[in-house]
Amino acid sequence: MARSVRVDAVLIQAVIAGALSFAHLHDLAEAAHQSGWKAWAYPVSVDLLMVAAWRRLRTARRDRAAWTWFVIALSASLGANVATAGLLDLGHVPAWLRILVAGWPALAFLGGTLLAHAPAGPTPESEPETRPAPVIDHRETPDPAPAPEIASPEPAPALPKAAPAVPPALVDHARKIATEHRTRTGTAIDTATLRARLGVPEDLAGAIAAQLA
């Protein structure tokens, strides 16, 4: 019961406010030399533009165009209410106000057309579109053919080291050492002993031993 009474009160208040705003717009249009049926068409045009913008805002609250035209229609309605409240001499309407009143039909037509045909933007309450998950084929795929093995090149055989050059004087000295060693021990001197007696590298001692053989 209380809900029904509250709704009825709101409707009555809306009717009263709409009638007053309608009358103010009519008076202002008539004062701007829009007489006859034209004076009654102005409040209808303002209210229809406001309703169209409000309906657009219900589905797209972040639509800037809808907010823009809603503010324009609301400003026209409030401006007429304030102007006819004694702040404006309706007998001597300024030229700029007559220009605004005369240009209102074209402006209202543009706003109504844009609101009717422009696509609505996404609303924050709308849920994101769910896309089906991609189908994954679990069938076994044939193994790729093994890549042919590439034989690594064999290392080139190492070249024999050239025998170091032995000075003749060193050979003569080594021969004396070898002779002395044979006289003392009765055996030929080996490479290790020759190397130790001469104090030369191993490869050079081997070259000297080869010449003494």
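Using a 7 Å offset from the Cα along the Cα-to-Cβ direction at both Ala85 and Arg175, what is the distance between the two label points in nm, to one decimal?
14.0 nm
What are the radius of gyration and Dmax of region 4-84, computed over its Cα atoms and given in Å?
Expressed in Å, the Cα Rg and Dmax of region 4-84 come to 14.2, 44.
Filter the trypsin sites (Lys or Arg not before Pro) in region 32-109 to those in DSSP coil with at most 16 other Cβ atoms within 10 Å of their Cβ, and list the result.
The qualifying sites are Arg61, Arg62.
Tell me the label-point distance for the pair Leu198, Leu74, using the 7 Å Cα-to-Cβ offset, in nm and rounded to one decimal.
Here the answer is 11.5 nm between the modelled labels.
Give the residues of region 177-196 whose amide nitrogen is closer than 14 Å to a point set 7 Å from the Cα of Gln211 in the direction of its Cβ.
It comes to 177-178, nothing else.
Obtain the nm distance between the two label points defined at Leu20 and Trp40 by a simple spin-label model: each point lies 7 Å from its Cα along the Cα-to-C-beta direction.
Once both label points are built, they end up 2.3 nm from each other.
A short reminder: the numbers here are calculations on the coordinates, not readings from a lab. All values reported here derive from a predicted model rather than from experimental measurement. Don't worry about glycine lacking a Cβ; one is built from the backbone with ideal geometry, like all the others, and counts go over all protein chains shown.
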